1. For the pair residue 241/residue 53, report the inter-label distance in nm, with labels modelled 7 Å from Cα in the Cβ direction.
2. What shape does the range 147-264 take by its C-alpha gyration tensor, where a ≥ b ≥ c are the square roots of the eigenvalues and a/c under 1.5 counts as rounded, a/b above b/c as prolate, and the rest as oblate?
3. For Rg and Dmax of the Cα atoms in Å, several values are listed as [x] 18.9, 55; [y] 26.7, 96; [z] 20.3, 65; flag the one computed from this structure.
4. Is the range 32-153 best put as rounded, prolate or oblate by its Cα gyration tensor, with a ≥ b ≥ c the root eigenvalues, rounded for a/c under 1.5, and otherwise prolate when a/b is larger than b/c, oblate when not?
5. Give me the angle, in degrees from 0 to 90, between the Cα long axis of helix 13-32 and the longest principal axis of the Cα atoms of the chain, rounded to the nearest 10.
6. Please build a GNM for the chain, connecting alpha carbons under 10 Å apart, and tell me which residue among 260, 93, 46 fluctuates the most.
7. Given the peptides 228-234, 163-169, arrange them by the average over their residues of other C-beta atoms within 10 Å, most packed first.
8. So between residue 232 and residue 106, what do we pick up on full extension, going 0.36 nm a residue minus the alpha carbon distance?
């Protein structure tokens, strides 16, 4: 039976542990220069409705390093851009490929691919969720903190797909999640209600970033204006002006707290250059780990092996 990656909460505990543990092995082998090519002869189709740096690089380079081939497919360059349905596209792609990664706007679009495709489908990002990013973030926290259980994560900023995905992760990982968002920019209401009710760890929403950052092990932020929201930039800049990770906020956290950002960063807005380039920042390690975690995900889903 094929498996997809559409969200973090859709993974059971064994799947989640398997991905993170295998990512650790793959990263170690990569650093040792060891060749590991379990996907030799296999092909991943990558559909992009949105521009990308880390997602495209991590999947394309990762597939190459695993011995396979990744094909970049802009929605403008294939028949999706001329009205072919996701379902028809998924059926055809299933005859050519071994896996599909979709980076798009609508979560329903990715789920339509998954319902129809006979091969694994990976959510490379939607406006609702970004599971690949959060799996890489969990891996980074595990590396830096020795584990994720009980870790206090302060997410400061927009209640966007990253915030939603952290709530989604809290349904599977016993973290203590503190979200600080301005009024009117909360995470998805359904995810927030479910997180506050069902998460094994605490999920809390604050209006004061200092409260969220108090005693945090991890400080995390994202851009104030995501792709497709450019017309709201000025209004958002005003709403978020006090929701910046800067020296004052860092001092509210634990002395050994780490600073994370999923990138790209708008320096001087959601985070200062002093902080993102400072000694607490693990942003570059976090970005690199996208490669290793994506390789683990593809190996497990497309290789058909339990790791």
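1. It works out to 2.7 nm between the two label points.
2. Here the range 147-264 falls in the oblate category.
3. Computed from the coordinates, Rg and Dmax of the Cα atoms in Å corresponds to [x].
4. Verdict is oblate for the range 32-153.
5. 80 degrees
6. Ranking 260, 93, 46 by mean-square fluctuation puts 93 first.
7. By packing density, highest mean first, the sequence is 163-169, 228-234.
8. Between residue 232 and residue 106, full extension yields 43.4 nm more.
No lab work stands behind these numbers, since they all come straight from the coordinates. What you see is a predicted model, and the numbers here were worked out from it, not measured in a lab. Glycine gets a Cβ as well: all are built from the backbone with ideal geometry, and neighbour counts include every protein chain shown.
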